[in-house]
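All remarks here apply to the structure that follows.
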Amino acid sequence: MYQSFIGLEIHIQLLTETKVFCGCINRFGDEPNTNVCPVCMGYPGVLPALNGEAIHLSYIVARALNCTLSPQAVFERKNYFYPDMPKNYQISQFSSPLGRNGWIDLEYQGKKKRIRIHEIHLEEDAGKMIHAGDMSLLDYNRAGTPLLEIVTEPDMEAGEEAELLLQNFRRTIRYLGVCDGNMEEGSMRCDANVSINLEGKGLGRKVEIKNLNSSRFVRMALNYEIERQTENLDKGVKVIQETRLWNENRDVTEAMRTKESAHDYRYFPEPDLPPFIPGAEFLARVDKGLVELPEARRARFIADYGLNETAADFLINEKATADFYEEVLKSGAAPDTAASWLQFDVRKILNRGNQELAGSPLTAQRLAQLLSLLAENRIHGKIAKQVLEAVFAEDKDPARIIKEKGWEQMNSPAELAALVDKVLAANTKAADAVRAGDEKPLGFLMGQIMKETGGRAEPRLVQKLLKEKTG
Ligand SMILES: [Zn+2]
């Protein structure tokens, strides 16, 4: 039996206003080579200056991932030549990264597992190379974007675990507000490494996989690679230590280059940047940036509100939804009712319009008002759904919609009794059948009354009156 060892290297671009060592705007999608300056273009003689917000966000991530913080974070030059790196070196961290020995907890197939984080370091992103036909174009807007690298230990065994880790991690960084986690646009990127060996023999020869721009591809590529390596070992073929690319059109990994015997990047301390020493005041500010993380919130929602796992998972997936939900509860709405409305009715409308909850006409106050009108029996369930649709369509409060449309429930026994009499008189055949003991026409009579009232009659009261008057 073979054992597999999977590790991930995740890169996230930090959501800062400006780049990490210069004042250029940090923004995706601008006209190529417009957000550049002598510092990020690597002109001789320029001086980098560390962006305070970038280092702040980096430490928030390190704390959230349970890392031991380094007493001093050292910046070093990683030397290599590549056209997307105009300085011929990248400012990164090597000997003393800002965080080490953290962890992320996973739950896979009912089993809890702790994935260790080897280290977290801050570096600058490279520019972007765009290959068009036989030309290669360069856009340096991305050069110098603050990039945080998170390196896990090879603690995962299956592609599914790696996919889950990425999903959990993405949710965490979105909760922290440090990165939008958009893998398609490249603000979050992932390289995976995998080796297999006979059980108990330790790590095998490591194969790296690049070009993974979704967590689904990470799972597929790793599972493909585990199968490929297993087949090779079974046949007595040695696995080569190499870098492979995921081909998303063919669903296979392909050899890219064999790993030159350990790169020599000649790291040395960046002479133009002093080590960063986090002081007490800085660390206090970092702690202020820590919010309740998704896993903790999920556990609390289940314990405090009695939600099932599916509802809790749905609500905590986006921080905005979880915040919205708790805002609705403040008005006294029942936790399970509010959860169900968000999970089904609201989601259905949002999906249909390809809309986000945040910025939509439905505010927490409006949903709270709708649920309280429902709880007070002033409208019934079917009308409530129409009111919700109207909130989205007309951008008005539920109470106003009900008033304007005359949708308030009819609860007056006298008013409804008169109506029941009228319907019975107009449908003597059905009424007589019910009186003779046939219950079938009751549904039809009920429908007639609902039609008369535009669906506003309180159904239980109508049912009671119908029984009385035909009994
Ligand atoms: Zn710049």
| said: So the check is Cβ under 9 Å with 6+ separation or different chains; which pairs have a first residue in the stretch 27-38 that's more than 8 Å from N141 (Cβ to Cβ) and without any contact (Cβ under 8 Å) to a residue 24 or more places away in the chain and a second one that's within 13 Å of the ligand (Cβ to nearest atom) and among the hydrophobic types (A, V, I, L, M, F, W, C)? | reply: C37/C22; C37/C24; C37/V46; P38/C22; P38/V46
| said: If a residue counts only when it is touching a strand residue (DSSP E or B) at 6+ places or on another chain (Cβ under 7 Å) and within 16 Å of the ligand (Cβ to nearest atom), which strands (runs of 3 or more DSSP E) contained entirely in the stretch 1-113 have at least 1 such residues? | reply: 2-13, 89-92
| task | From (1) free of Cβ contacts under 8 Å to residues at least 40 places away in the same chain; (2) outside any strand (DSSP E or B); (3) β-branched (V, I, T), pick out the condition that doesn't hold for T243. | result | (2)
| task | Return the total of residues in the stretch 410-460 being among the small types (G, A, S) and closer than 30 Å to E376 by Cβ. | result | 9
| task | Only residues that are under 52 Å from the mean Cα position of the chain (by Cα) and surrounded by 12 or more Cβ atoms within 10 Å (Cβ to Cβ): list them for the stretch 419-446, please. | result | P441, L442, F444, L445, M446
| note | Of the candidates Q365, Q386, the one satisfying the condition of being surrounded by fewer than 17 Cβ atoms within 10 Å (Cβ to Cβ) and closer than 22 Å to V462 by Cα is Q386
| task | Sort out which residues of the stretch 261-280 are outside any loop (DSSP other than H, G, I, E, B) and either touching a Phe, Trp or Tyr at 6+ places or on another chain (Cβ under 8 Å) or not assigned by TED's automatic domain parsing to the domain that holds I240 (or both), and write them in order of number. | result | P269, F276
| field | Single residue of the stretch 134-152 satisfying the filter (assigned to a loop (DSSP other than H, G, I, E, B) and more than 17 Å from G181 (Cβ to Cβ)) that is nearest to the ligand (Cβ to nearest atom) | value | G144
| request: Check every one of the helices (runs of 4 or more DSSP H) wholly within the stretch 311-375 and list those with 3 or more residues that are more than 22 Å from R297 (Cβ to Cβ). | output: 347-352, 364-375
| said: Suppose we filter the stretch 187-203 for residues that are more than 18 Å from A162 (Cα to Cα) and not hydrophobic (A, V, I, L, M, F, W, C); how many remain? | reply: 6
| remark: Checked the stretch 242-260 for anything out of contact with any strand residue (DSSP E or B) (no Cβ under 7 Å at 6 or more places or on another chain) and either surrounded by 13 or more Cβ atoms within 10 Å (Cβ to Cβ) or not assigned by TED's automatic domain parsing to the domain that holds N66 (or both); matches are E248, V252
| message | Being small (G, A, S) and over 22 Å from the mean Cα position of the chain (by Cα) is true for just one of G186, G202, G181. Which residue is that? | response | G202
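The values are calculated or read from the model by the stated rules, or taken from the named source; none is laboratory data. Given the structure is predicted, the values throughout are model-derived calculations rather than measurements. Please note: Cβ atoms are built from the backbone with ideal geometry, for glycine as well, and neighbour counts cover all protein chains shown.
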